[in-house]
Ligand code: SF4
Ligand code: SF4
């Protein structure tokens, strides 16, 4: 869950139209508007106030300091209930992604794997939709990204970059379960215990209610 009590606002005089904010916004709430040269010589960042969840990412990265956060006129929370999705479907999807349903996958918003799985089963099928409607991936955006991509992939929704510029997300990285045997063998004598790690991780994934 995320409390939305801030909104991003653009200082039009300061915006250089560089597009950095458009690329880092987790909910795709920003787009660059282009004008006739006689009106404005450079593009301008425009915020969709409905999509903005007040995460600060744009403000922190704007090289011109043209963005700042203001109080949201109607503070609210975003999140998803897991109650109206069959538990077994949620559990099956989480375990297919090798996640325990109850484990927190986004520490910034304390979102659990089961909440993201329920949202995917309800029809939210991109990282950006999950950020907007569940609140996940609206803090650091580091720890949660891979579990989100694993859950989407487990649901048959492999990662596709949303922006054509494509540097918002880089795709899914390898997990312990996918390390090739020859790599395991190569590092076995150097203090790496891949199979033991996998055994431990499997116990974590399987723990708790079914
Ligand atoms: S990052 Fe800043 S300067 Fe660049 S487009 Fe966005 S608001 Fe404008
Ligand atoms: S505050 Fe976050 S959600 Fe809002 S426009 Fe900026 S990057 Fe997007």
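Computed from the coordinates by the stated procedures, all read-outs in this text should not be read as laboratory data. Everything numeric in this text was worked out from a predicted model, so none of it was measured. So basically every Cβ, Gly included, is an ideal-geometry build from the backbone, and we count neighbours across all protein chains shown.
The fewest-to-most ranking of 30, 120 by surrounding Cβ atoms within 10 Å reads 30, 120.
What ranking of 13, 195 emerges when the number of other C-beta atoms within 10 Å of each C-beta is taken as an exposure proxy, fewest first? All intermediate terms of the calculation are to be shown ahead of the outcome.
Values: 13 7, 195 12.
If I rank by nearby Cβ atoms, fewest first, I get 13, 195.
With contributions of -39500 (n - 2.57) from each DSSP H run of at least four residues, the per-residue ellipticity at 222 nm computed over the chain stands at -9000 deg cm²/dmol.
Residue exposure proxy: 3, 174, 82, ordered by other Cβ atoms within 10 angstrom of their Cβ from fewest to most, comes out as 174, 3, 82.
Between residue 35 and residue 65, the C-beta separation translates, for a Förster distance of 22 Å, into a calculated FRET efficiency of about 0.50. Computed over the Cα atoms of the chain, the ratio of the radius of gyration to the Kirkwood radius (Rg/Rh) comes to 1.06.
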